[in-house]
Amino acid sequence: MKRVILAGVLAIGLYACQKTVHLNLNNAAPQIVIEGEVTDDTTAPYTVRVHRTVSFYSENSFPAVRGASIRISDNEGHVDSLVESTPGVYTTQTLKGKPGNTYTLSVLSQDTLYTAVSTMPQPVKLDSVTFNHRTGFGRNTIYAVPNFQDPAGIANYYQFVEYLNGVLLNKDIFVFDDRLSDGRYITRSLRNDSAYLKAGDWLEVRMYCIDKPVFDYFNELDQSAGGGTFNTTASPANPISNISNGALGYFSAHTIRSVKTTVH
């Protein structure tokens, strides 16, 4: 009984002494973050988003970088000057992505020039999307499974993105290379938080063929989060960007192949 009373007194004392403690974390200077892409989808303009990081204790709202001068050019001599459609979001006007071409991004902001280069690979056909069911812990979970033929003798790098009922699922990163499966027919589960997927939902799976620097960026982002391939939620470290001058983010020229289906 004495032990129980003592434990209760300690609990009351600890509760009474609670207060908010802020760790003495160093506030790093804001860094510019650039995220841009060019694809082989020629029906819509491409976008480049530019914002800055905030300190640890700031609200999760990243200030847009306005008034930047942004251009994208390719190895065939096409040059497109982007326009700022909304604060920090810049869109192309004439550029059309083409597999095999190399694209150079130039971002001039506050007298600092940031550049990146990305080569768009040849597309790989996404044949179908099926579903893998797993039962455990009292529930049935569903994973989407892309099915496609990997080209033999070529190093290929893939990224997968899911849209559920028209909404992007961006919690997890799905990247994959064919180092151990060159030339094989690939069926690989996208192991996200499959509680998202329910029978009857409308799902779109997009497969991007990306180049190696972009794969390295997302793979390092994935690994630094401790999730391993096809399973991550956030990253505590900054992966190596393919953008120069210390900018964070990435620039990706990639193809898009997609399948829309009902979850079943």
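The values are calculated or read from the model by the stated rules, or taken from the named source; none is laboratory data. Predicted model only: the values in this text are computed from it and were never measured. Cβ coordinates were reconstructed from backbone atoms using ideal geometry, including for glycine residues, and neighbour counts include every protein chain displayed.
When you go through Asp182, Asp178 one by one, which is the residue that is in contact with a strand residue (DSSP E or B) (Cβ under 9 Å, 6 or more places away or on another chain) and either farther than 22 Å from Glu220 by Cβ or of a type in the set (Asp, Glu) (or both)? Show your work before the answer.
Working: Asp182 fails: in contact with a strand residue (DSSP E or B) (Cβ under 9 Å, 6 or more places away or on another chain).
Just one listed residue meets the conditions, Asp178.
Among (1) touching a residue at least 40 places away in the same chain (Cβ under 8 Å); (2) part of a loop (DSSP other than H, G, I, E, B), there is one condition Phe62 misses while meeting the rest; what is its number?
(1)
Picking from Val65, Val107, Val89, which residue would you name as being in contact with a strand residue (DSSP E or B) (Cβ under 6 Å, 6 or more places away or on another chain) and under 19 Å from Thr43 (Cα atoms)?
Val89
Looking at region 82-101, which of its residues are surrounded by 15 or more Cβ atoms within 10 Å (Cβ to Cβ) and assigned to a strand (DSSP E or B)? Before the answer, list the steps.
First pass over region 82-101, keeping only residues surrounded by 15 or more Cβ atoms within 10 Å (Cβ to Cβ): 82, 84, 88-92, 95-99, 101.
Hits for region 82-101 are Glu84, Val89, Tyr90, Thr91.
Tally the residues that are part of a loop (DSSP other than H, G, I, E, B) and either surrounded by 15 or more Cβ atoms within 10 Å (Cβ to Cβ) or not acidic (Asp, Glu) (or both), restricting the search to region 102-125.
Summing the residues that are part of a loop (DSSP other than H, G, I, E, B) and either surrounded by 15 or more Cβ atoms within 10 Å (Cβ to Cβ) or not acidic (Asp, Glu) (or both) in region 102-125 gives 7.
Within region 141-162, can one find any residue that is modelled with pLDDT under 95 and more than 20 Å from the chain's Cα centre (by Cα)?
Looking for residues that are modelled with pLDDT under 95 and more than 20 Å from the chain's Cα centre (by Cα), one finds at least one in region 141-162, hence yes.
Only residues in region 209-222 that are modelled with pLDDT under 95 count as the first member; pair them with residues that are polar (S, T, N, Q) and in a helix (DSSP H, G or I), Cβ under 9 angstrom, at least 6 apart or cross-chain, and list the lot.
Matching pairs, first to second residue: none at all.
Kindly check whether there is at least one residue in region 105-120 that is in contact (Cβ under 8 Å) with a residue 24 or more places away in the chain, out of contact with any helix residue (DSSP H, G or I) (no Cβ under 7 Å at 6 or more places or on another chain) and under 24 Å from Lys260 (Cβ atoms).
Yes, that holds for at least one residue.
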